[in-house]
Amino acid sequence: MGVCIRVPATTANLGPGFDTFGMALSLYNTLEVDWSSGNLQIDVTGDGADLVPVNKTNAVYRAMQIVFERADQTALLEKRGLYIRIHNAVPVTRGMGSSATAIVGGLWAANELLGHPLSVDELLNLAVQLEGHPDNVAPAILGGIVVSGIVKEKAYAKRFSPPPGMKCVVAVPDFQLATKTSRKALPPAVPHGDAVSNVNRVGLMVAALMDGNLEMFCDLMEDRLHEPYRTPLVPGMKEAIAAAREAGAMGAVLSGSGPALIAFCRDGAAAIGNALQSGFATEGIESTILHLQPAE
Ligand code: HSE
């Protein structure tokens, strides 16, 4: 019997929590996987479908292959073959965790197909190894807001429920920015005061999550470790964030490594969306606004 799963978009960092905080969003890629008659067949529809390879280099297939290897079932994979259908709703290479959906989707689907040989913790560790950082794959697996890190080569992750009443407005500009490029813009060292500011804020944001305190969580979102260095890669970012705050956003930050921006509010989401869009427009950048919720 086949497997059908959906994997959420994710927004990483949430301001100061670089490579640490991530949140699942109510936008999903779907993945259907079944045994085929010996061959590999991959069909892709939705965002960026033309760019996704439909052979053994496909990211979903590669993730599935790793689970088969770990479960000592590679021969079964070769013999039976797979039929994989992917539908992408998450914008590709925009800072919304599209690559994490492929990795997590592949790992999870293979594990289901084989009757759960691997634990969730093993899947998380494999996902982190494949992605290179934990803050998209961890919330894609666990849902909610996740605090994660890699310590002594092991992935740690703790899930929190999103603070009640949180609404998310995402502005997706009409250009792509690869995570690799966006990470290259980061300096090898940062001023001590900037590191302290981020440590303070991340610690306090965890406290806010424990209390379900949306105001406190969003109040702490200023970042000094990555956003200042990435601003030149995202024309209109500064203007859009300022406009969103002016329009009443409780917090507005770069989503993951960008170029999408995400703003948070209880009310007034429509005005915040318009503000983000007009901020990008000052630099001639068109953007699409998505009104989303945190995903449990
Ligand atoms: N923490 C990662 C980064 C997330 O900011 O590079 C990438 O989506």
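The values are calculated or read from the model by the stated rules, or taken from the named source; none is laboratory data. Here the structure is a predicted model, which means the values were calculated and not measured. Neighbour counts run over all protein chains shown; Cβ positions are idealised from the backbone, glycine included.
Considering region 10-66 alone, what residues qualify as being surrounded by 22 or more Cβ atoms within 10 Å (Cβ to Cβ), small (Gly, Ala, Ser) and in a strand (DSSP E or B)? Hits for region 10-66 are 12, 22, 24. For residue 240, the requirement of being in a helix (DSSP H, G or I), in contact (Cβ under 8 Å) with a residue 60 or more places away in the chain and either within 13 Å of the ligand (Cβ to nearest atom) or more than 25 Å from residue 147 (Cβ to Cβ) (or both) is met. Taking region 250-268 as the range and being farther than 21 Å from residue 135 by Cα and either within 21 Å of the chain's Cα centre (by Cα) or not small (Gly, Ala, Ser) (or both) as the test, the residues that pass are 250, 265, 266, 267.
One residue stands out among those in region 252-294 that are of a type in the set (A, V, I, L, M, F, W, C) and in a loop (DSSP other than H, G, I, E, B): the one that is surrounded by the fewest Cβ atoms within 10 Å (Cβ to Cβ), which is 285. Does residue 207 qualify as being more than 16 Å from the ligand (Cβ to nearest atom) and out of contact with any strand residue (DSSP E or B) (no Cβ under 6 Å at 6 or more places or on another chain)? So residue 207 fits the description; yes.
With the condition kept exactly as written, say whether any residue in region 38-53 is within 25 Å of residue 82 (Cβ to Cβ), hydrophobic (A, V, I, L, M, F, W, C), in contact with a Gly (Cβ under 6 Å, 6 or more places away or on another chain) and modelled with pLDDT of 95 or more. The answer is no, given that none of the residues of region 38-53 is within 25 Å of residue 82 (Cβ to Cβ), hydrophobic (A, V, I, L, M, F, W, C), in contact with a Gly (Cβ under 6 Å, 6 or more places away or on another chain) and modelled with pLDDT of 95 or more. Of the residues in region 157-200, how many are closer than 26 Å to residue 272 by Cβ and either over 21 Å from the mean Cα position of the chain (by Cα) or not basic (Lys, Arg) (or both)? Final tally of qualifying residues: 21. Scanning region 116-136 for residues that are surrounded by fewer than 24 Cβ atoms within 10 Å (Cβ to Cβ), of a type outside the set (Gly, Ala, Ser) and within 12 Å of the ligand (Cβ to nearest atom) yields 131, 133. Pairs linking a residue in region 269-281 that is under 15 Å from residue 236 (Cβ atoms) and at pLDDT 95 or above to a residue that is hydroxyl-bearing (Ser, Thr, Tyr) and buried (at least 23 other Cβ atoms within 10 Å of the Cβ), with Cβ atoms under 9 Å and 6 or more positions apart or on different chains, are 276/287; 277/287; 279/287; 280/287; 281/287. Take region 90-115 and flag every residue that is outside any helix (DSSP H, G or I) and either within 16 Å of the ligand (Cβ to nearest atom) or within 13 Å of the chain's Cα centre (by Cα) (or both). Scanning region 90-115 gives 90, 91, 92, 93, 94, 95, 96, 97.
Residue-wise test of (1) within 16 Å of the ligand (Cβ to nearest atom); (2) under 23 Å from residue 90 (Cβ atoms); (3) in a helix (DSSP H, G or I).
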site	(1), (2), (3)
169	no, yes, no
172	yes, yes, no
193	no, no, yes
197	no, no, yes
203	no, no, yes
230	yes, yes, yes
235	no, yes, no
244	no, yes, yes
248	no, no, no
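Within region 212-228, the residues that satisfy the criterion of being crowded, with 21+ Cβ neighbours inside 10 Å and of a type in the set (D, E, K, R) are 223, 227. With respect to the conditions (1) away from the ligand (no atom under 15 Å from the Cβ); (2) at pLDDT 95 or above; (3) more than 17 Å from residue 90 (Cβ to Cβ), residue 147 lacks only one, and its number is (1). Of everything in region 1-26, what is touching a Ser or Thr at 6+ places or on another chain (Cβ under 8 Å) and more than 16 Å from the ligand (Cβ to nearest atom)? Give them in sequence order. 4, 5, 6 - these are the residues of region 1-26 that are touching a Ser or Thr at 6+ places or on another chain (Cβ under 8 Å) and more than 16 Å from the ligand (Cβ to nearest atom). Among residues of region 121-133 that are at negative phi, those with a beta-carbon under 7 Å from a residue that is away from the ligand (no atom under 16 Å from the Cβ) at least six positions away or on a different chain give the pairs 123/107; 123/108; 123/111; 125/154; 126/66; 126/107; 127/107; 130/63.
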